[in-house]
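Undergrad: Can you read through this structure? Questions will come right after.
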């Protein structure tokens, strides 16, 4: 699948660890295809995640989410020992994405590539073992998600512009 085919969707959810290229791709979708980008940093503890994302997905127009609720299922257990969303809540939100003619795009890259990108961008990067653990957690989450909603995977380290589903 090409970028043009992805851009035919009304909603695109970009997911993956830091340094895989989510923001770069979101920028391209905004500039070339007219999407509105919403970057989703960690939601403060006092905010209800499910309501925040329901409100976000109720917005009109074409949206590209640069990280979303799915990252809570990955980062929460790894860094806080638990997720602030249940899988049922995440699946409900995923269905809202699908109802908006949406697709999930899982961006990946080898740990060494991510490490180098983060070091170049931020001057530092987590250890390779931490980057690998994060990538493994995303793979588990997406294996579960693909049974319920459309998911495409894109290795941003490859030289091809084609996406796989």
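Undergrad: Give me 79, 138, 53 ranked fewest to most by other Cβ atoms within 10 Å of their Cβ, as a rough exposure proxy. Spell out each step's value before the answer.
TA: On the way: 79 11, 138 22, 53 25.
Arranged by neighbour count, lowest to highest, 79, 138, 53 become 79, 138, 53.
Undergrad: If I take R0 = 25 Å and measure r between the Cβ atoms of residue 48 and residue 2 in this structure, what FRET efficiency does the formula 1/(1 + (r/R0)^6) give, to the nearest 0.05?
TA: Calculated value: 0.10.
Undergrad: What is the Rg over Rh value, at two decimals, for region 1-74, using alpha-carbon atoms and the Kirkwood definition of Rh?
TA: In region 1-74, Rg relative to Rh is 0.97.
Undergrad: Over all alpha-carbon pairs of the chain, lay out the pair-distance distribution in 5 Å bins, whole %, shortest bin first.
TA: All Cα pairs considered, the percentages come to 1, 9, 18, 23, 22, 16, 9, 2, 0.
Undergrad: Taking one equal scatterer on every alpha-carbon of region 48-111, how large is log10 of I(q)/I(0) by Debye at q = 0.13, 0.26, 0.29 1/Å?
TA: Results for region 48-111 at q = 0.13, 0.26, 0.29 Å⁻¹ read -0.38, -1.23, -1.38.
Undergrad: Let me ask something else about it. Can you tell me the length gained on complete extension of the stretch residue 146 to residue 56, counting 0.36 nm per residue apart and subtracting the Cα distance? Can you show the working numbers first?
TA: Numbers: separation 90, 0.36 × 90 = 32.40 nm, distance 2.21 nm.
Difference between extended and current length: 30.2 nm.
Undergrad: To continue, here is another question. Can you give the % of DSSP beta bridges in the chain that are antiparallel, to the nearest 5?
TA: Around 5 percent antiparallel, to the nearest 5.
Bear in mind these aren't lab numbers, they're just calculated from the coordinates by the rules spelled out. All figures in this text were calculated on a predicted structure; none of them were measured in a lab. Methodologically, a virtual Cβ is constructed for each residue, glycine included, from the backbone with ideal geometry; neighbour enumeration extends over all protein chains shown.
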